[in-house]
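Structure first, then comments.
Every number here is computed from the coordinates shown, using simple stated rules; none is lab data. These numbers come from a predicted model, not from an experiment. Here Cβ is always computed from backbone atoms with ideal geometry, including for glycine, and neighbour counts include all displayed protein chains.
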Amino acid sequence: MRLSLPSSLAALLLLLCLPSVAQSPDPWVLSADKVDPAAYYGVTVANGMLGVVSSPEPFKVKSVVLAGAYDQYGRGRVSNFLNGFNLLNMYLEIDGRRLGPADARNFRQQLDMRGASLTTTFDYGDKATISYTYRALRHLPYCVLMDVTITAKKDLTLTAASVMEAPDALRDVQNYYNEIDRPHVTISLLTSTARSPTGKLQLCASTSFLFSEPHGQEPRVIHEMWDSNMHLMKFGKTLKAGQAYTYGVTGATLTSAHDADPLNQVERLTVFARLEGKERLLAFHQKAWQDLWQSDIQITGDAQAQQDVHSMLYHLYSFSRAGTDFSPSPMGLSGLGYNGHVFWDTDLWMFPALLVLHPEIAKSLVEYRFNRLEAARRNAFAHGYQGAMFPWESADSGVEETPVWALSGPFEHHISADVALAAWQYYCVTQDRAWLREKGWPILQATADFWASRVERNGPGHYDIKNVVAADEWAENVDNNAFTNAAAKVNLQNATAAAKLLGLPANPDWALVAQNIPILRLPNGVTQEHATYQGEGIKQGDVNLLAYPLKVITDPAQIRKDLEYYETRVPNEGTPAMTQAIFALLYARLGDGAKARQFFRDAYEPNLLPPFRVIAETKGGTNPYFATGAGGVLQAVLMGFGGLDITPAGIVQRKTTLPTGWQSVKITGIGPQHKTYSVAR
C-alpha cells in the first residue's frame, strides 16, 4: 500500500532535496556585504589621473594619489609617489554624536564598475539610514564628486563636515576658506596647499558643498581650523522622521607638476565643478564611462570569470587615460606601491590589452616613453653604449630611479626592447605612418643602436649579450638570457621594418646583429633560460615569452615542450601574477582548453584579497591592486581565448580554443575601427 502526501508537503520536501544554487556574481558590481576592517583591502575609484582608495571606516577614504606627482623622500633616495590631500574625508554627527565604525550597522559597500562609483550604506541604530557615493570624474581629470543621503527614521539633528587633511609627508601647509557670493549662488571653498618633502612640488586641493535647496535657503556653512594640517567646513540640518536629505561635495586636487599655478587653478576647477552642478557632472561622467565600455569582453559559461575580467578592465581603464604622457605603475593609482615607478609592467603587460581595446589610451603610454627618450640616450652614454637605454624604473624625468641595492637598474636591459616593442605594436594596430615617422621611428632607431652596441661579437651565431638580469629576476648577472636576447632580435628586426616602411635607410648592421644573437637550448631540446641555467625555479615567465609576445619561437611542438618544462619551475608562492597568464594564452593557442582554464584561474584567483577581489602581486601578497597581473590575464583572454593577434597588417584573429567550461567570448570595440570578434564552442 502506497501512502500519498499532501501536495504542499511534497513540494516542500522536493525543495529541501534539491541542491542549493549559488547566486551568480553580478558582472558589473563588486559587493562587500560583510566588511572586516582587519582584512580589508580597498578598491580604487580613479579616472586615469586621480585615484581614491576606499576605507572600511564611514566617511573616510584611505588615500588620494595623483599620476605624475613624485618627490624624493623615504626609502631608496629615489623619486616616490606622493599621497595627496585627502579631500573626500568627512564626518557626520547625529544628535551631537559623531558616527564612527562602531555605530555603523549593516555596513555595505558596492563598486559599480560600469559607472565607476563606490557606494557605502549603513544604519545608525534606529535613527537613520545613510548612503554616500563618490566618483573620480572621468571627464574632469582632477575632480571628484560625492553624494550623501541621510534618511531619518526619527526626528534628528545632523551636522555634516567636509574635512581637508594633509598627509604627514607634506610640509608648509597653508589652509584657506572663502565664500564667493553671486546673486544666484554662494560657493564655499575649503582649500589647502603644501609643499612636497623636498619642496620640489606644490600640492593643492579644494572642495565645495553642493546643496539641493534653492539659493538663499541653503544651510549656513561654518569654517573651523583644527591644526596646521587639518581644517573643515560644516553645516547643520534638522530632519523629521521619514525625511530624506541629500547634499554633495565636489572638489579638485592637482600639483605644480600638472599646472604652473596650482593654487588658483584648483579653486577655479572647484568653482567650475560646483557651477556645473551634480546632474551635469554625473551625466558627463557616465557618458565618458559608457564610451570606455564600448570596448568590452563578454563571457558566457563562467559568471565569476566575467565579473573578474570586468574588474581587470575597470582597473586598467581607471589607471590610464588618453591625451597625457603618463604611464601607470604596477599598482596603478591604488597607492604608493613600487614608488609609483614605471617598469616593463606597463610596456609588456598592460599596454597590449589597452592597445587593442583603446588605442587612444595606449598612445599616452608610448608618449610617456617618447618624451623621455633623451634621458634614455644619456643613460646609454653613461654606460658606454650607443643609442638609448631606457631605465628599469622610471618616474617623472625618465632617469634611472631603481634603488642602488637592486641590480635591475644597471643590468635589466630588456626594458629597452620592451619599450621598442610597444612602439612597434602601436604602429601595427593604428597603421599611423605619420606617428611612426615622428615618434615611433626615433624610439626604434635609438634602441636598435643600443643593441648593436650592447652585443659582444664573438663570431657567427655568438653575438652574445652578457651580464644581464633576466626577465626571470632570480637570474642575476647571467649571459645570453633567452628573453633579453630574443627581445633584442625583435627590436632590431622591427627597426629595420620601420625604416623600410618609411623609405629611410636602415643600418645594415641591425640585421647582421639580429641574425647572430643566440637562443640557447638544453640537451633535451628545451629552450635554455640563460647560459648557466640548469633547471632551477624561476620567479616569472621568461622563455615562454619567446612564443608570445615575441613570436621568435613559432613551432607548436617547441612551444609545448617549453611550456611543459617551465610550468613546473614556478613556485606556488612568492612569484608575480602574470606568468600563468602566458601559460593560459599559449595553451589556448595550442588547443588545450583544460590547461588554458587551469592556468587562467591560477594566474589570479590565489592572489585575490577581500572584500573586493582585488589582485595582489603574489599569492598571499598584500599589495594590491596589481595592474600588471590584470594586464597579463586580459592578454590571455584577448590574445589567447579570443585569438586576437597584433601583426604588421593590423589586428587579425587566429584559431584558438576556449577554456573548458566556457561557452563563448565576444570582444567589442577592438582597434581603431571598433570591430567585434567572437569565439564560440
In whole Å, how far is the Cα centre of region 524-548 from that of region 598-675? 23
Could you give the spread of the C-alpha atoms of region 169-227 along their three principal axes, from largest to smallest, in whole angstroms? 46, 21, 16
If R0 is 56 Å, what FRET efficiency do you get for Lys154 and Lys466 from their C-beta distance, rounded to 0.05? 0.15
Hey, can you rank 580-593, 155-168 by average C-beta count inside 10 Å, highest first? 580-593, 155-168
What the 10 Å binned alpha carbon P(r) of region 239-319 shows, as percent of pairs per bin from 0, is 14, 25, 30, 21, 10, 0
Counting only residues 5 or more places away or on other chains, whose amide H sits under 5 Å from the amide H of Tyr463 once H atoms are built in the peptide plane? Asn458, Ile517
Multiply the residue separation of Gln217 and Ala303 by 0.36 nm, subtract the distance between their alpha-carbon atoms, and state the gained length in nm to one decimal. 26.1 nm
By Cβ neighbour count within 10 Å, fewest first, Val185, Val148 rank Val185, Val148
Note the angle between two axes, namely the Cα long axis of helix 303-318 and the longest principal axis of the Cα atoms of the chain, as a number of degrees from 0 to 90, rounded to the nearest 10. 90
Can you give the Rg and Dmax of region 418-504 based on its C-alpha atoms, in angstrom? 14.2, 42
Output ordering of 217-225, 358-366, 546-554, 427-435 (per-residue mean of other Cβ within 10 Å, highest first) is 358-366, 546-554, 427-435, 217-225
Can you pull the one-decimal nm distance between simple spin-label points at Ser228 and Ser397, each 7 Å off the Cα toward Cβ? 2.8
Taking 51 Å as R0, compute the FRET efficiency from the Cβ-Cβ separation of Arg77 and Ser24 and round it to 0.05. 0.50
Per-selection metrics, the chain (Cα): Rg and Dmax in Å: 27.3, 98
Along the principal axes of its C-alpha atoms, what lengths does region 180-259 span, in descending order and rounded to whole Å? 52, 28, 20
Under a crude label model (7 Å from the Cα following the beta-carbon direction), how far is Asp126 from Leu512 in nanometres? 9.1
Please give the helix 556-566 orientation as an angle from the longest Cα principal axis of the chain, in degrees from 0 to 90, rounded to the nearest 10. 60
Lysines within cross-link reach of Lys237: Cα-Cα under 17 Å, excluding same-chain residues under 8 positions apart? Lys127, Lys153, Lys154
Dividing the Cα convex hull volume of region 30-292 by residue count, how many Å³ per residue is that? 132
Rounded to the nearest 10 degrees, the helix 262-276 long axis (Cα) sits at an angle to the longest Cα principal axis of the chain of 60
Using a Förster distance of 56 Å, how high is the FRET efficiency between Asp168 and Trp474, based on the Cβ-Cβ distance and rounded to 0.05? 0.95
